[in-house]
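Student: Just dropping this structure here.
Please treat every number below as a calculation from the coordinates, not as lab data. Predicted model only: the values in this text are computed from it and were never measured. Every residue, glycine as well, gets a Cβ built from its backbone with ideal geometry; the counts of neighbours run over all protein chains shown.
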Amino acid sequence: MQNAIRVKNLSQLAYEYSSQANLAQHLGIEHREIIKYFKNKNTPIPDNLARQIEVTLNRPIGWMDRPNFDLALTAEEWQLLQAYRTGGVRDKMYLMGVAQLTLAHPVADSKGA
C-alpha cells in the first residue's frame, strides 16, 4: 500500500514538473534512475529516495507516504494549488481568505446551476 501511494505521489510530481525527465532534473538524478518506478509500479521506491524527493522539492517529511493527490483537478485548480504551494505567507493568507469566502457564499457555475 505504501509503495502505491509513493508511486501516485511521484506521478503527481511528474505532472507538476511537466514530465518525468524534468522531475528527474529538478531532483538532480538521471532520468533512467526514476523512470523504473513509472514503468513498473511494483518496484519499491526506497525510503532514501522518498526523503530526498521531499527535501529537494520542499515537501514536508512523510509527504511521499501519504495521499496528496487528486488527479481529477482541473488546470485552474492545479494552478491555484501551485500558487498556494509556492506563494509566500501573504499569498497563502489571501488564497485562504478567498477560499473561505467562496465556501461561505458559493457562486453558481456558468451553466446557472
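Student: For Cα extents along the principal axes in Å, the listed values are [x] 43, 40, 25; [y] 72, 27, 22; [z] 47, 31, 25; which was obtained by calculation from the structure presented?
Tutor: Correct label is [z].
Student: Provide the FRET efficiency to the nearest 0.05 for the K92-H26 pair, computing r from the beta carbons and using R0 = 35 Å. Numbers along the way, then the final one.
Tutor: On the way: r = 22 Å, r/R0 = 0.63.
Computed FRET efficiency for K92 and H26 comes out at 0.95.
Student: Tell me, what is the FRET efficiency for T56 and A104 to the nearest 0.05, using R0 = 25 angstrom and their Cβ-Cβ distance as r?
Tutor: Working: r = 38 Å, r/R0 = 1.50.
E between T56 and A104, to the nearest 0.05, is 0.10.
Student: Just how many pairs of Lys in the chain have C-alpha atoms closer than 28 Å, counting pairs that are eight or more places apart or on different chains?
Tutor: 4
Student: Using helices alone, what [θ] at 222 nm do you get for the chain, with -39,500 (n - 2.57) per DSSP H run of 4 or more residues, divided over all residues and rounded to the nearest 500?
Tutor: It comes out at -19000 deg cm²/dmol, rounded to the nearest 500.
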